[in-house]
Amino acid sequence: MVLAAGRGQRMRPLTDTCPKPLLPLGGKPLMQWLIEALARGGVGDVLVNTDWLGAQIEAYFARPESAAAIGTGNPTTGGAPHAPVRLTYSREGHDFGGALETAGGIVRGLPYLADPFWLLAGDVFVPEFRFSAAAIDDFMAGGKLARIWLVPNPEHNPGGDFALSSDGMACNDGPVRHTYSTIGLYRHALFAPPYCALRAGNPHGTKAALAPLLRQAAAQGLVEARLYTGPWADVGTPERLAALDARTAIHNLED
């Protein structure tokens, strides 16, 4: 599941007319980098939740000339695939008049997601991450509710989010904390009682955040963590986007 329903307030005025996942970076939209990475990992179906200017996201990935693996559909009607990856849309803005936040959106889409499923935000730049079947098998063998990937703290989040124990578990506190990359593998059980009180499928469109669920499970030793040190960026401001775009252009020229 790719989270793509946010308004992108910090990216204004760029996001006044363009949804954040479609902002260009290195010659293609942010979210296209993610779709291509998922395709390389053998992921065949991707659920995308949308709200602000979500129709633009659907229109872009429905174009035959889009370089990403593309497809159309939604949770109620589905859609025929055009390429190895099929994109299905959970239209939160259309169905409920606004985004449902992270956990609210996940519970809404859960009936259409595998168990476990990959989760990531549509506005991070992580072109070399490997969404591998081996990672899924290893995660399932551990019997935990989630596995999240942490990254070294960027300047805008110096305090980090989670510590990493010596045995590979995410901890809410610790001497060294890292930043949650937004990438994770999740079991459906995390989005049911006692961790989550939302009704299955979130039929009423209740808003809820993921962080409290994740922290509760981490406190019980049910969240694994891995440290990822490859290229990663949370593209949160126009300045960050411009700087990253410039670096990406230089890298492409060198290649």
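The values are calculated or read from the model by the stated rules, or taken from the named source; none is laboratory data. Nothing here was measured: the structure is a model prediction, and the numbers come from that model. Here the Cβ is made from the backbone with ideal geometry for all residues, glycine too, and neighbour counts use every protein chain on show.
Quick check on this structure: which one of 247, 199, 215, 147 is in contact with a strand residue (DSSP E or B) (Cβ under 7 Å, 6 or more places away or on another chain) and among the basic types (Lys, Arg)?
Of 247, 199, 215, 147, the one residue that is in contact with a strand residue (DSSP E or B) (Cβ under 7 Å, 6 or more places away or on another chain) and among the basic types (Lys, Arg) is 147.
Which ones in region 126-142 are closer than 19 Å to residue 181 by Cα and either of a type in the set (Asp, Glu) or touching a Leu at 6+ places or on another chain (Cβ under 6 Å) (or both)?
128, 131, 139
Do we have any residue at all in region 175-190 that's loosely packed, with under 13 Cβ neighbours inside 10 Å and closer than 23 Å to residue 103 by Cβ?
There is no residue in region 175-190 that is loosely packed, with under 13 Cβ neighbours inside 10 Å and closer than 23 Å to residue 103 by Cβ.
Consider residue 31 against the criteria (1) assigned to a helix (DSSP H, G or I); (2) aliphatic (A, V, I, L, M); (3) within 18 Å of residue 132 (Cα to Cα): it satisfies all of them except one. Which criterion is unmet?
(3) is the only condition that residue 31 fails.
Please find, within region 132-157, the residue that is nearest to residue 44 (Cα to Cα) out of those that are assigned to a loop (DSSP other than H, G, I, E, B) and modelled with pLDDT under 95. Spell out the reasoning first.
Initially, region 132-157 is screened for residues assigned to a loop (DSSP other than H, G, I, E, B), giving 132, 143-145, 152-157.
Pick out the ones that are also modelled with pLDDT under 95 and you get 132, 143, 154-157.
On the way: 132: 12, 143: 24, 154: 32, 155: 35, 156: 34, 157: 33 Å.
Checked region 132-157; the qualifying residue nearest to residue 44 (Cα to Cα) is 132.
So, in region 198-255, of the ones that are in a helix (DSSP H, G or I) and charged (D, E, K, R), which residue ends up modelled with the highest pLDDT?
Step one: filter region 198-255 for residues in a helix (DSSP H, G or I), giving 211-219, 238-254.
From what's left, charged (D, E, K, R): 215, 239-240, 245, 247, 254.
Numbers: 215: 97, 239: 86, 240: 85, 245: 82, 247: 79, 254: 43.
That would be 215.
What are the pairs with Cβ atoms under 8 angstrom where one residue, in region 1-16, is farther than 29 Å from residue 43 by Cα and the other, located anywhere, is of a type in the set (A, V, I, L, M)? Sequence gap at least six, or different chains.
Pairs that qualify, where the first residue is farther than 29 Å from residue 43 by Cα and the partner is of a type in the set (A, V, I, L, M), are 11/23; 11/235; 11/241; 14/23; 14/241.
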